Amino acid sequence: MENAASRKKNIGFFIYYTLVIIFMTFPGVFDLANKIDPWVLGLPFSAFYLFLCVSLLFLGLIFQYRIEDKLGELDIEVEIFENDENGGKAK
Amino acid sequence: MILIPLSMIFLFFVVMLVIIRKQLGVSSFEEYATASRSFGFFAITFSVLATWCVGAMYTAWAGMAITYGFTALYCVAYAAITMIIMYFVAPKTYIWGKKYGITTQSELLGFRYQSKTVRVLTGIWGIVFTIPWLIVEIVTQGYVFEYASDGTISQFWGMVLGLAVITLFVSLGGMKSVISANVFQGIVLIFGSTALMVYFVYKFVGGFGAGFEMASTQFPDMLTFPGPGWDPPTPYWTSIVILSGLGGFMWPWAYNKLFAGDSLRSIKVSALLSPIIYAIFFSSFVFTAIFLHSQEQVLADVQGAFLYVAKESGPFALGMLGVIIMANSVGTVSGIMQAISTTVSRDIAQVLKSNISDKKAINIARISVVIISILSLFFGTLDLGLMVFLALFTYDGITLLFPVVALGLFWKRANKEGAITGLIAGTALSMFLRFFNPSFIDSLGWQPGVYGLILSILIMVVAGYAKSPSIFDEKLWKETNEVFGKNSSNLTKPLAKLDNVVE
């Protein structure tokens, strides 16, 4: 069965992504970053902030992928079924 | 002058056809629809990118980027959200697709909800909201031929040329040739476009540092939301990022690529790579557009701006931009045509008449491709002002598939009554607000799709709590969890497929 740790992992990452997306887009939070100064890495602050949020989402995905790799969730073997009159059979 | 750009575009088509020549010809409908689930992460990544990036980016989106600047970067933000959606929907889509022989997004939803109505309805949604994009892209191809040949090839014959090639390889090779072509198109457009944008930046403004310095002194508004000349409230930004992000992977031409993956790992790796590649590619495009805001001739025709600067840069630059736009456009059109033809054959024809043979299903799909091409050509010759308008607002409709997909995959209580009612009511509200545009839409900033989405989710949640999950749902969840737990060998009697279900 899909274990509790895996479910917790998915919920944890879902919350993380939601928070980053709120920071990236929502009124109030986004407004604070919607300005030119200070310039960071040669970019106006608004663009730097956007790329920072996208990078945080990307890093989250990388981290999630590595955890799933260790948990063996990426190499799922799927048995294929074929319908017949009795409702199906293994192919 | 016209020989070089035209030769480059024709060379692009020739190389593409040479690359996919061995992929033409399919032996089963599953091969036509999913390429027998045989593609690895590299192919899926570039296929998703090639299908997703549209040729109109260099016309309609160029207009937005040159006029409003930073706001156009919403595409980078929403791409990241879309790929997270792809990452999360991949496991169950892959498992159910492979286990139960599912080949399309609509078939997946019909199976999950055990409803032929859901299957047909979502298929129709996918087609209806896709068609404006298809036509805009075909017109873009005609426009590029006309521009590159300096009018020698008219827009109509340009459309015919582009469509003829696409119809050929989509109808003969299905998903296999579409993805093979997409890999080539994706590489050309991602690397070609980024290189060309860097070239434009150095040629016209002397580099990125100089460009930003100029922008910050001459037109600083371009570097923040919303940009010069308009003043929408921040929820406008929130809306376009969230709606596009949630809807971006709901297009059947993007979603169906999940069925072509050879493993879950391949699909997840492509979900990791795509947003970063896209962010680099699209940012270079937007920054170039922001810097070009300084050119008076560019501001006179913002939608033709990139073709203008390419022409000013010489025949090779014009040819390169023509090839890039064509790669974008052919990738999208071929993906759309393959998805529509598969939906017509699998989700509409086979639902209406269940005893269609595999060979007949392939033929229906092929005939659909030819009919779609002819119809698109016809609509492409009409006044497209309305079509572009419709294309830009199709997200209001396609986003409404998100609750049906997400709740269907992750919430056992989601049921067909909620899915059907939510989809219809949410889309109706969204379209009503879009076309009648009450004053609160502009004053508050939240776009119509947001209201439709909230209504749709509410309906699905209420319907979900109104009755218990069916025996099918319980069993499906149990079997899926067992697959996750690698206990598939302990499965008992498998679930009946949709074809055996009487609604």
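The values are calculated or read from the model by the stated rules, or taken from the named source; none is laboratory data. Keep in mind the model is a prediction, meaning the values are calculated, not measured. When we count neighbours, we look across all protein chains shown, and the Cβ atoms used for this are built from the backbone with ideal geometry, even at glycine. With ligands, DNA and RNA removed, areas are computed over all heavy atoms of the protein, side chains included. Shrake-Rupley method; radii C 1.70, N 1.55, O 1.52, S 1.80 Å.
Just counting partner chain Cβ atoms within 10 Å, what average do the residues of peptide A:46-58 show around their Cβ?
The per-residue average across the peptide is 5.
In Å, what Kirkwood hydrodynamic radius results for the protein assembly as shown from the alpha-carbon pair distances? Don't jump to the answer; show the numbers that get you there.
Values: mean 1/r = 0.0407 Å⁻¹.
It works out to 24.5 Å.
Kindly write out, for region B:394-407 in residue order, the coupling ³J(HN,Hα) from the Karplus curve 6.51 cos²θ - 1.76 cosθ + 1.60 (θ = phi - 60°), rounded to whole Hz, with x marking Gly and Pro.
5, 4, 4, x, 5, 4, 5, 6, 4, x, 5, 6, 5, 5
Take the alpha carbon atoms of region B:343-368, find their center, do the same for region A:54-73, and report the distance between the two centers in whole angstrom.
Each part reduced to its Cα centre gives a spacing of 39 Å.
Mind giving me the nanometre distance, one decimal, between the label points for B:Ser154 and B:Ser27, set 7 Å out from Cα along Cα→Cβ?
For the pair B:Ser154/B:Ser27, the computed spacing is 4.6 nm.
For chain B, what mean projected area does the convex hull of the alpha carbons give, in nm²?
If I average the Cα hull's projected area over directions, I get 22.9 nm².
Report, to the nearest 10°, how far helix B:3-20 tilts away from the longest principal axis of the Cα atoms in chain B, using its own Cα long axis and a range of 0 to 90°.
It works out to around 20 degrees.
Working with all protein chains in place, sort B:Tyr74, B:Tyr202 by solvent-accessible area computed with a 1.4 Å probe, largest first.
B:Tyr202, B:Tyr74
Run lengths n ≥ 4 of DSSP H only: what is the helix-derived mean residue ellipticity at 222 nm for chain B, with -39500 (n - 2.57) per run over all residues, to the nearest 500? Please report the intermediate quantities before stating the final value.
Working: 24 runs with 368 residues, N = 503.
Result for chain B, helices only: -24000 deg cm²/dmol.
Any chance you could run the full-extension gain for B:Phe191 through B:Ile2? It's 0.36 nm times the residue separation minus the Cα-Cα distance, nm to one decimal. Please report the intermediate quantities before stating the final value.
On the way: separation 189, 0.36 × 189 = 68.04 nm, distance 2.39 nm.
So the extension gain works out to 65.7 nm.
So what's the angle, to the nearest 10 degrees on a 0 to 90 scale, between helix B:41-52 and the longest Cα principal axis of chain B?
70 degrees
Starting at the first residue of region B:412-420, write each ³J(HN,Hα) from the Karplus equation 6.51 cos²θ - 1.76 cosθ + 1.60 with θ = phi - 60°, in whole Hz, x for Gly and Pro.
With the stated coefficients, region B:412-420 comes to 4, 6, 4, 10, 5, 4, x, 5, 5 Hz.
Go through B:Val462, B:Val201, B:Val351 and list them by solvent-accessible area, largest first, probe radius 1.4 Å.
My answer, sorted largest first, is B:Val462, B:Val351, B:Val201.
Let's see if you can work this out: charge +1 on each Lys and Arg Cβ, -1 on each Asp and Glu Cβ, no other charges. What is the dipole magnitude of the protein assembly as shown about its Cα centre, in debye to the nearest 20?
The dipole magnitude comes to about 1660 debye.
In Å², nearest 100, what accessible area do chains B and A bury in total when the solvent probe is 1.4 Å?
Values: alone 19160 and 7480 Å², together 22170 Å².
About 4500 Å² of accessible surface is lost on pairing.
Between region B:60-115 and region B:233-297, what is the C-alpha centre distance in whole Å?
Value for the Cα centre distance between the two parts: 10 Å.
Could you calculate the contour length gain from B:Lys478 to B:Asn437, that is, 0.36 nm times the residue separation minus the distance between their Cα atoms, to one decimal place in nm?
Extra length from B:Lys478 to B:Asn437 when fully extended: 10.2 nm.
Please calculate how many Å² of accessible area the protein assembly as shown carries per residue, with a 1.4 Å probe and no DNA, RNA or ligand atoms counted.
Value returned for the protein assembly as shown: 37 Å² of accessible area per residue.
In nm, what is the difference between 0.36 nm times the number of residues separating B:Val14 and B:Asn363 and their Cα-Cα distance?
The B:Val14-B:Asn363 span can extend by a further 123.0 nm.
Roughly to the nearest percent, how much of the accessible area of region B:92-179 is carbon and sulfur, given a 1.4 Å probe?
Details: 1470 of 2060 Å².
Looking at region B:92-179 in its full context, I get 71 percent from C and S.
How far apart, in nm, are two points set 7 Å out from the Cα along the Cα-to-Cβ line at B:Tyr202 and at B:Ala425?
5.8 nm
Pick from A:Phe81, A:Phe23, A:Phe14: which residue has the top mean-square fluctuation in a GNM of chain A where Cα pairs under 10 Å get a spring?
A:Phe81
Any idea what angle helix B:471-484 forms with the longest principal axis of chain B, computed on alpha-carbon atoms, 0 to 90 degrees, nearest 10?
Once rounded, one gets 60 degrees.
Which value, to two decimals, describes the C-alpha radius of gyration of region B:419-477 once divided by 2.2 N^0.38 Å?
Values: Rg = 15.2 Å, N = 59, 2.2 N^0.38 = 10.4 Å.
Dividing the Cα radius of gyration by 2.2 N^0.38 Å gives 1.46.
State the percent of C-alpha pairs, over all pairs in region B:256-379, separated by a distance greater than 22 angstrom.
59 percent
Computed FRET efficiency, Cβ-Cβ of B:Thr217 and B:Thr117, R0 60 Å: what is it to the nearest 0.05? Present the calculation step by step, with values, prior to reporting the outcome.
On the way: r = 59 Å, r/R0 = 0.99.
Using R0 = 60 Å, I get an efficiency of 0.50.
Under 5 Å between amide H atoms, partner at least 5 residues away or on a different chain: which partners does B:Gln447 have, H built in plane at 1.01 Å?
Here B:Ser239 satisfy the definition.
Quick one: 3J(HN,Hα) in Hz for region B:28-39, Karplus 6.51/-1.76/1.60 with θ = phi - 60°, rounded, Gly and Pro as x.
Rounded to whole hertz, the list is 8, 5, 4, 5, 5, 7, 10, 6, 6, 6, 10, 9.
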